[in-house]
Amino acid sequence: MIAVSIPAAEAQAAARSPDRAHTVFRVEVLCNGRRHTVAKRYSEFQALHKRIKKTCKVPDFPPRHVPNWMPKVLEQRRQGLELYIRGVLYHNEELPQDVLDFLKLRCCQQDPKASSSLARCPPSQRPVVGFCSDPYAQPPGTQPLPDTVLSGVLQGLYVHQRGSPGQAAP
């Protein structure tokens, strides 16, 4: 699953003419527990929009022209771009490569419902043996604890054909 936020917009001076500044939006991307940040200008968002608007569902793009560069106006633009990129992620189960490249992601599962619950578990957390009932919750019997555990393991490994739940199938 991919989560995106744009927490800040920062003015940066142009390399060729220091008196002219442009705004860079800091885009934070969280994918499968890993977080990274990419810096993007408004024109880069606009170029992405032009590339993907014919191939996937996109929300309305925030307008380019703003009356001035007051902090309140920049905040509105930041919010608009954040809503836009979140809308692209929300409305598209399969993301185009252009979006993944824009967010600097190699590959990431967008829709967690698309895969089974076991496939989402890391290999170290996948169930190996299952018990029909909790061996510790059953009333104590004449068998010592190691036999209970062994019978549970055998139940998990062999299919029940007949017999009581405490016995493994032949």
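The values are calculated or read from the model by the stated rules, or taken from the named source; none is laboratory data. Note that the structure is predicted; figures quoted are calculated from it, not measured. We place every Cβ from the backbone using ideal geometry, glycine too, and count neighbours over all the protein chains shown. Quick note on the areas: whole protein, heavy atoms, side chains included, nothing else; ligands and nucleic acids left out. Shrake-Rupley method; radii C 1.70, N 1.55, O 1.52, S 1.80 Å.
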- Item | segment 56-79, residues that are farther than 16 Å from Phe25 by Cβ and modelled with pLDDT of 90 or more | Cys56, Lys57, Val58, Pro59, Asp60
- Within segment 41-60, considering residues that are free of Cβ contacts under 8 Å to residues at least 12 places away in the same chain and of a type outside the set (Ser, Thr, Tyr), the one most open to solvent (accessible area, probe 1.4 Å): Lys54
- Taking His22 as meeting all but one of (1) within 21 Å of Pro63 (Cβ to Cβ); (2) of a type outside the set (Gly, Ala, Ser); (3) more than 16 Å from the chain's Cα centre (by Cα); (4) modelled with pLDDT of 90 or more, write down the number of the exception. (4)
- Query: Within the bounds of segment 95-102, is there any residue that is at pLDDT 90 or above, surrounded by fewer than 17 Cβ atoms within 10 Å (Cβ to Cβ), within 16 Å of the chain's Cα centre (by Cα) and more than 17 Å from Cys31 (Cβ to Cβ)?
  - Reply: no
